[in-house]
Amino acid sequence: MKTQTLLKTIFGTAFIALLLSVVSCDVANSSSALVGHWLHESGSTDKKPEDMELLKDGTGVCDGVTISWKVEDKRFIIQSSSLGMISDYEVSGARLTLSTNGEKSTYVNVNKDYLQKGSFTDSRDKKKYGTIKIGTQTWMSENLNYEAGGKCYGNDPANCAKYGRLYDWKTALSVCPSGWHLPSDAEWETLVDFAGGDKVAGKKFKARSGWDSNNGKSGNGTDIYGFSALPGGYAYSSGSFYNVGYSGSWWSATEYNASIAYFRNMGYGYADVYASYFDKSDLYSVRCVQD
């Protein structure tokens, strides 16, 4: 339910304009603290806006609707011809917390330089990869694309450049460069737990573009941690390829048994990071983590 619908339901249409002129947000932050591009940390599961961009000139966009906003006498006012929002707020660094009727929602300012980004050059082939520190771990922020076995999706080199290569499990175990390794299932779990658990982490890890839509709803994520997961699909050893644009699957280094190993999956139609296990001969993406 969009915010304007919620307001109309509670107060009635005629009352919204009057209410918006006096909406109060009791906080000492200046208007400059609110400037930026705010993304809902859990993908707006609580009826709050998912995407708010507040500009210095007092204009902005909220879930695709053009708005005006200001801070006046420590009061936050946001309005448009059709949109209104009533919330106490608090800004702390790169995070914004909105409180409505005791329910809190957290946003991350993607314009803030809080992400610990870096880069790494693979000495084997001189390819350069982005890196990102998430919690206590440092991950590559893109899939590995090292020509040591594996395949490009559809045998198309352009897909290797975009999604990285797909590897069977045995190759994946040793394909990461020196100083990096294929993450264990426990290391994947640490990452997912840091982002709030498997039910919401996928939305936060998926890239903000590149995912197909599902029944008219965007499959993209918020990418608030800079993990930038893309839907590289998967392949069978027989040579058939599936699900590029729809899902991404990443190996772990942990075996289930002699023929099966654990992996993680994200899809265009859900916010989860799905954990399962499958045949080691299948070809999945590899995301390396630093030693």
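Just so it is clear, none of the values below were taken in a lab; they were calculated from the coordinates. Just so it is clear, the structure is predicted and the values come from calculations on it, not from any experiment. Counting neighbours? That spans all protein chains shown, and the Cβs are built from the backbone with ideal geometry, glycine included.
One table, with the values for the structure above:
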{"quantity": "Vicinal HN-Hα couplings computed from phi for the stretch 159-173 (Karplus, 6.51 cos²θ - 1.76 cosθ + 1.60; Hz; Gly/Pro x)", "calculated": "6, 5, 5, 8, 10, x, 8, 9, 10, 6, 5, 4, 5, 4, 4"}
{"quantity": "Computed over the stretch 116-290: relative contact order in percent, which uses C-alpha pairs under 8 Å that are six or more apart", "calculated": "26 percent"}
{"quantity": "Pairs from Lys117/Lys217; Lys104/Lys199; Lys70/Lys104; Lys126/Lys151; Lys117/Lys204 whose Cα-Cα separation, in the structure shown, is over 26 Å", "calculated": "Lys117/Lys217"}
{"quantity": "Overall Cα dimensions of the stretch 152-291 - principal axes, largest extent first, Å", "calculated": "40, 34, 27"}
{"quantity": "Inter-probe distance in nm under a simple model that places probes 7 Å from Cα toward Cβ, at Ser174 and Asp125", "calculated": "1.7 nm"}
{"quantity": "Built amide H within the under 5 Å cut-off of Thr138, gap 5+", "calculated": "Gln290"}
{"quantity": "Within-12-Å neighbourhood charge of Ser276 [Cβ basis; K, R +1; D, E -1]", "calculated": "-4"}
{"quantity": "Residues Glu90, Glu103, sorted so that the one with the fewest Cβ neighbours within 10 Å comes first", "calculated": "Glu103, Glu90"}
{"quantity": "Contour excess over end-to-end distance, with Cα ends at Ile260 and Lys199 and 0.36 nm allotted per residue", "calculated": "19.6 nm"}
{"quantity": "For Asp198, residues with placed amide H under 5 Å, excluding near neighbours", "calculated": "none"}
{"quantity": "All-pairs alpha carbon distance profile, the stretch 114-201, 5 Å steps from 0, percent", "calculated": "3, 13, 20, 23, 20, 14, 6, 1"}
{"quantity": "5 angstrom amide H check on Glu41, placed H, neighbours 5+ away", "calculated": "Thr106, Tyr107, Val108"}
{"quantity": "Length gained when the stretch Gln116-Tyr236 is fully extended (0.36 nm per residue, less Cα-Cα span)", "calculated": "39.6 nm"}
{"quantity": "Under 14 Å, Cβ to Cβ, from Thr131 - net charge with Lys/Arg +1 and Asp/Glu -1", "calculated": "+2"}
{"quantity": "Under the Karplus curve 6.51 cos²θ - 1.76 cosθ + 1.60, θ = phi - 60°, whole-Hz ³J(HN,Hα) for the stretch 59-65, x wherever Gly or Pro sits", "calculated": "9, x, 9, 10, 6, x, 9"}
{"quantity": "Karplus 3J(HN,Hα) series, Hz, for the stretch 177-187 with 6.51 cos²θ - 1.76 cosθ + 1.60 (x for Gly, Pro)", "calculated": "x, 4, x, 9, 7, 5, x, 6, 4, 5, 5"}
{"quantity": "Neighbourhood charge, 14 Å Cβ-Cβ cut-off, centred on Met266 and excluding it, Lys, Arg +1 and Asp, Glu -1", "calculated": "+3"}
{"quantity": "FRET E, pair Ser31, Lys133, Förster distance 25 Å, beta-carbon r, rounded to 0.05", "calculated": "0.25"}
{"quantity": "Residues in the stretch 253-291 reached by a label modelled at Ser184 [backbone nitrogen below 13 Å; 7 Å Cα→Cβ]", "calculated": "253-255"}
